[in-house]
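Right, one structure below, let's go through it.
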Ligand SMILES: Cc1ncc(C[n+]2csc(CCOP(=O)(O)OP(=O)(O)O)c2C)c(N)n1
Ligand SMILES: [Mg+2]
C-alpha cells in the first residue's frame, strides 16, 4: 500500500455541511435463507430482549440507566457476523445487542440487568457494563469515547502476538468529538492496528442532532487525515452491513490496517428510558420506523425463499428464549459478592 | 420565603447572576435545547439565547479549556459537566490550567470560572457513573470546592461562586435535586449570597459533633433524629465548602461536644474526611473524650445491584453505630 490510502468506495461522499441524506438503501445484496435466517433470528432476539427489559424497567425490576438499541439491530448483528469467535468486541453503554450477537446468552444479560448473582458480571456492572471473557466481549463502557483506545489496545496486543485477531469497536457519532476517539484513531492509524472502528451514527447524541454537534457531518472523513481507509453506508440491511464490515475485517486481518466505518442508523426509542425524546418529531420517528431493519430483514427472508412456517417457528423459538431469560432473571438469587473483585489475589 | 427545590435554587442563581452580569455564560452538554440532562438549566436558553447558553458536543476537555481561555480574558464561564464523572476527561484543564494559571502568570491572570454539575453516587448506574470525586479536587491548591446540601445553600453559594475571582469546583448532589428548603426572595443585596468558606450548623446538639457535607448531611440529620429518641443530642455541622475549610467553626463544635464523627460518601483512603480528622485532633486534642470516628463508603468501585449499592454507602444505621462507638455505648 502506498502513502495515501484513503479507500474510495461506492458510498464515499463529499463533506456535508447540511444534514446528510441517506443513500438509497434498497439495492439488494445477494443472500440465502441459510445466511439470512440466523441473522434475522439474532436481530429479533435482540429486539425482544430490549422490549422485555423496557417492560421490566417500567416495573422497577431494572434500575439506573437503560439504553435500548431498538432500530439499530442490523448494525451489531451484521458487523459481528463478519468476525470470528477469537476476535474482540468493545462497545458502549448501548451494548446488549452487541453482547448477544457475540454470543452472550439472553439469560446472562437479563440477569445482569436485574442485578442478580447469575448476571454476566454477577450484578456488579448492570446494563452499561457487560463483559464476557468466554466470547471475547471486552466490555460495555459508560464514559463516551474512553473505550476507543482500549479497542486499539486489544488490537495492539493482537499485532504484538501475531494472533490474527481483529477488534471491532462500536461507538456513536456523538463520541467523535471527544479526545478518546481522536487519540485512539490516531494511534490505530499510526501503528496500523487491526481494529475496525464502527461509528453507529444514529443521528442523535442524547438530545443533540448531528447538525448541532459536528461541523462536518460525515464522521468517516476523519480517517482521511490519518491516511486510514474508511467506509460509510446505510445500516438498514443486515447483509450489507455484514459484507461491508467483512471487507474492513479482511483488510485488518491480512494487512493490519484499521478502517473507520460509519453506519447510518436510527434509534426508535429515547436516549435512555428516562428520555421522552421530545427533540424530534413523530413524523421523523415514524418515517424511520417504516424502514425498520427488522421488518425489512423478515421480508427479505421470505423473498429469498424461507417458508413462512419455518419463519414462524423461528419466531416462536425466540419468544420462548426471551421468556425463559426473564424467568431465569426473576428467579435468580440476588447479587452478593461486591468486596471480592477489587484486586486480584 | 418560598419553598423551592435544590434544582430550582441553582437555576435561580444562574438566572439572577446572568441578569446581573453580561459576561456570565453557561456552556455544557444538553444545557440549552434539552434544558439540561438534570433540568438545572431549564428555561435559560429561552431567556438568554444561544449566545449565552451554549450547547457543546461531547468534548469535556475541549469546553473546559474554552472556559479557562475565555475566563483569562474577561468572561465568567459556568461550565456544566453532565455529571462530575465526566470531569475526569477534563481534569487536565481543571488541575493544570484553571488552578495554576494565576500563580504561573505571577498573579496577572486570574480565572473566574465555575465548573459545576451533579456529583456523588447516583442510583444503580454502576461504577463509572457513581462515585464521589470531591477529594480529588479538594487536594488542589488554586481551586475552591463547594458542596451544598440544601436548596438555600445551593443558591447562595452558586451566586458567590459565579462572582468569585477564582476557579470554583461546584459539586451538586446528584440525588439532592428534588430536595426542598425555604429560600428567601432575592433582595439584590449582599444577603443573597452565602460566602464560600463558611460552615453551617444544620442541627444543634451537645453530646457529639457529626461533620458531613452534601447528601451525607441528610443522612446525619436522619441519624440525629434516631439518636435523639435515645436522648443523644447530635450537633450536625456542614462545612459547605471543602476548600477553603472553615476549621474554626468545626473546632468550636467539637470542643463543645468532645466527640466527633466524620461522615463522607467517598472512599476511605485519602478521603477528605481524613484531612478533617487531622484538623480536629490537631486543634481539639485536649477536649476529645473519644477517638474521632469516620464513616465512609466501602473501599470498592460501586456495584450495580441495588442491595449491594445500599450496603456500600454510609446509611443511617452506620452513622448511629459510629456515634454509639464514640460514646462508648457498645
Ligand atoms: C465523557 C462523557 N460525557 C458525557 C456522557 C453522557 N452521555 C452518555 S451517552 C451520551 C450521548 C452519546 O451519543 P452517541 O455517541 O451518539 O451514542 P448514542 O447514545 O447515540 O448511541 C452522553 C452525552 C458520558 N457518558 N461520557
Ligand atoms: Mg448517537
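Only one of the listed residues (A:185, A:214, A:193) is within 16 Å of ligand 2 (Cβ to nearest atom) and either within 24 Å of residue A:277 (Cβ to Cβ) or at pLDDT 95 or above (or both). That residue is A:214. Checked against (1) surrounded by fewer than 21 Cβ atoms within 10 Å (Cβ to Cβ); (2) out of contact with any helix residue (DSSP H, G or I) (no Cβ under 7 Å at 6 or more places or on another chain), residue B:300 passes all but condition (2). All of B:173, B:142 fail the test of being away from every other protein chain (no Cβ under 14 Å) and touching a strand residue (DSSP E or B) at 6+ places or on another chain (Cβ under 9 Å), apart from B:173. In segment B:14-21, is there at least one residue being away from ligand 1 (no atom under 16 Å from the Cβ) and without any contact (Cβ under 8 Å) to a residue 12 or more places away in the chain? Among the residues of segment B:14-21, at least one is away from ligand 1 (no atom under 16 Å from the Cβ) and without any contact (Cβ under 8 Å) to a residue 12 or more places away in the chain, which makes the answer yes.
The single residue among A:60, A:71 that is over 25 Å from residue A:167 (Cα atoms), in a loop (DSSP other than H, G, I, E, B) and modelled with pLDDT of 95 or more turns out to be A:60.
In a residue-by-residue description of segment A:259-271, the property of being within 16 Å of ligand 2 (Cβ to nearest atom) and within 14 Å of chain B (Cβ to nearest Cβ) applies to at least one position.
All of (1) more than 14 Å from chain B (Cβ to nearest Cβ); (2) within 16 Å of ligand 1 (Cβ to nearest atom) hold for residue A:219 with one exception: (1). Of everything in segment B:21-43 that's more than 14 Å from chain A (Cβ to nearest Cβ) and surrounded by fewer than 22 Cβ atoms within 10 Å (Cβ to Cβ), which residue is nearest to residue B:6 (Cα to Cα)? Selected residue: B:43.
The values are calculated or read from the model by the stated rules, or taken from the named source; none is laboratory data. Owing to the predicted nature of the structure, the values given are computational and were not obtained by experimental measurement. Note that we place each Cβ from the backbone using ideal geometry, even for glycine, and neighbour counts take in every protein chain shown.
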